[in-house]
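> After the structure tokens below, expect a handful of questions from me.
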């Protein structure tokens with residue numbers, strides 16, 4: 001379940017798209033660079049991240065392109081490349097980033113702190129009077 005939720009969180013970020021009107025080369029967008037999956041939280045409690053999960057990588061280029069590389073552990077414990085996607089991104093402003101991938105669009109608020117960025121996703125159990133299993137996920141990436 002953890003991997004499914006992680007994958008959904010990542011795809012929320014990956015399937016986003018945005019545009020930036022800033023052509024000033026002196027100000028580089030803070031997302032530009034190589035970022036590795038670092039840790040994640042479920043309802044503010046840090047969860048264990050495997051070495052294989054830590055291989056997950058985003059490479060954001062200043063020309064508005066990016067690459068996303070995702071690994072998955074097989075039944076024998078081998079860390080295997082599961083997916084590699086190349087597409088485009090842009091900065092919508094106010095911390096929101098969007099990416100276009102094969103016709104899909106997703107926008108996510110990205111918060112930068114020191115050498116990391118994170119984004120949060122909230123999953124509602126769908127029952128208005130019962131929030132006991134509503135969950136907030138926070139995925140943290142560290143600059144390489």
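The values are calculated or read from the model by the stated rules, or taken from the named source; none is laboratory data. Quantities reported herein were computed from a predicted structural model and do not represent experimental measurements. Cβ sites come from the backbone with ideal geometry, for glycine too, and all protein chains shown count toward neighbours.
> Check 122, 141, 60 and return the single one that is in contact with a strand residue (DSSP E or B) (Cβ under 6 Å, 6 or more places away or on another chain) and modelled with pLDDT under 95.
Working: 141 fails: modelled with pLDDT under 95; 60 fails: modelled with pLDDT under 95.
Every option except 122 fails the conditions.
> Can you tell me how many residues in region 96-119 are exposed (fewer than 15 other Cβ atoms within 10 Å of the Cβ), in contact with a strand residue (DSSP E or B) (Cβ under 7 Å, 6 or more places away or on another chain) and closer than 15 Å to residue 60 by Cα? Full working, then the answer.
Quick first cut of region 96-119, residues exposed (fewer than 15 other Cβ atoms within 10 Å of the Cβ) only: 96, 102-105, 109, 111-116.
Narrowing the set further to residues that are in contact with a strand residue (DSSP E or B) (Cβ under 7 Å, 6 or more places away or on another chain) leaves 96, 105, 109, 111, 115-116.
With the extra rule that they be closer than 15 Å to residue 60 by Cα, the set shrinks to 96, 115-116.
So the count comes out to 3.
> Based on this model, can you work out whether residue 54 counts as within 16 Å of the chain's Cα centre (by Cα) and touching a residue at least 60 places away in the same chain (Cβ under 8 Å)? Before the answer, list the steps.
Details: within 16 Å of the chain's Cα centre (by Cα): yes; touching a residue at least 60 places away in the same chain (Cβ under 8 Å): no.
In short, no.
> Ok, one more. Identify, by number, the condition in (1) surrounded by fewer than 18 Cβ atoms within 10 Å (Cβ to Cβ); (2) modelled with pLDDT of 95 or more that residue 31 doesn't meet.
Condition (1) is where residue 31 drops out.
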